[in-house]
Amino acid sequence: MLACFGLLPQAQAQTNTAYGNGALVSLTSGVWNSGFGFEALNHDTAGSNNTATGLRSLFSDTNGSYNSANGVYEFLKEHRKVEELQATVAHQRKDFQAAIAHERKEMETVVAQLKEQAAQIQKVSAQLEMSKPAPSLVVNQP
């Protein structure tokens, strides 16, 4: 017999299932809720179609509907995944920043080489200008 184990007598809601100390104790009008475990759906007052399994699953949900949770174990699994993703992002950020720094140095080298080549071109152009023969004036006499 699982039905209404955790519900208080003043609860007006129907078609709910609670099993565990403090499960669905605040429910007043919600329907089709299932709370299994210590304080599952503890603060739910008007939510409907919720399923909570495990220690304090959906503990703070007050009037949400169509929620599902599997308690602390599932939370810890998801938290571990988040931590792993955060570590991956940090590693990728570090790699990306290192790649940007490398590319920046490469670009600085290319710019310096271009400036050097431009200076050499100007020098050679000036030398060519200086090595041109002076114009000579030829006078034709009749």
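The values are calculated or read from the model by the stated rules, or taken from the named source; none is laboratory data. None of these values were measured; they are calculated from a predicted model. Note that we place each Cβ from the backbone using ideal geometry, even for glycine, and neighbour counts take in every protein chain shown.
When the residues of segment 46-76 are narrowed to those that are surrounded by 11 or more Cβ atoms within 10 Å (Cβ to Cβ) and part of a helix (DSSP H, G or I), which ends up modelled with the highest pLDDT?
G71
Hey, Q141 hits all of (1) among the polar types (S, T, N, Q); (2) over 30 Å from E39 (Cβ atoms); (3) surrounded by 10 or more Cβ atoms within 10 Å (Cβ to Cβ) but one; which does it fall short on?
So Q141 meets the others, but not (3).
Of all the residues that make up segment 25-36, how many are surrounded by fewer than 24 Cβ atoms within 10 Å (Cβ to Cβ) and part of a loop (DSSP other than H, G, I, E, B)?
6
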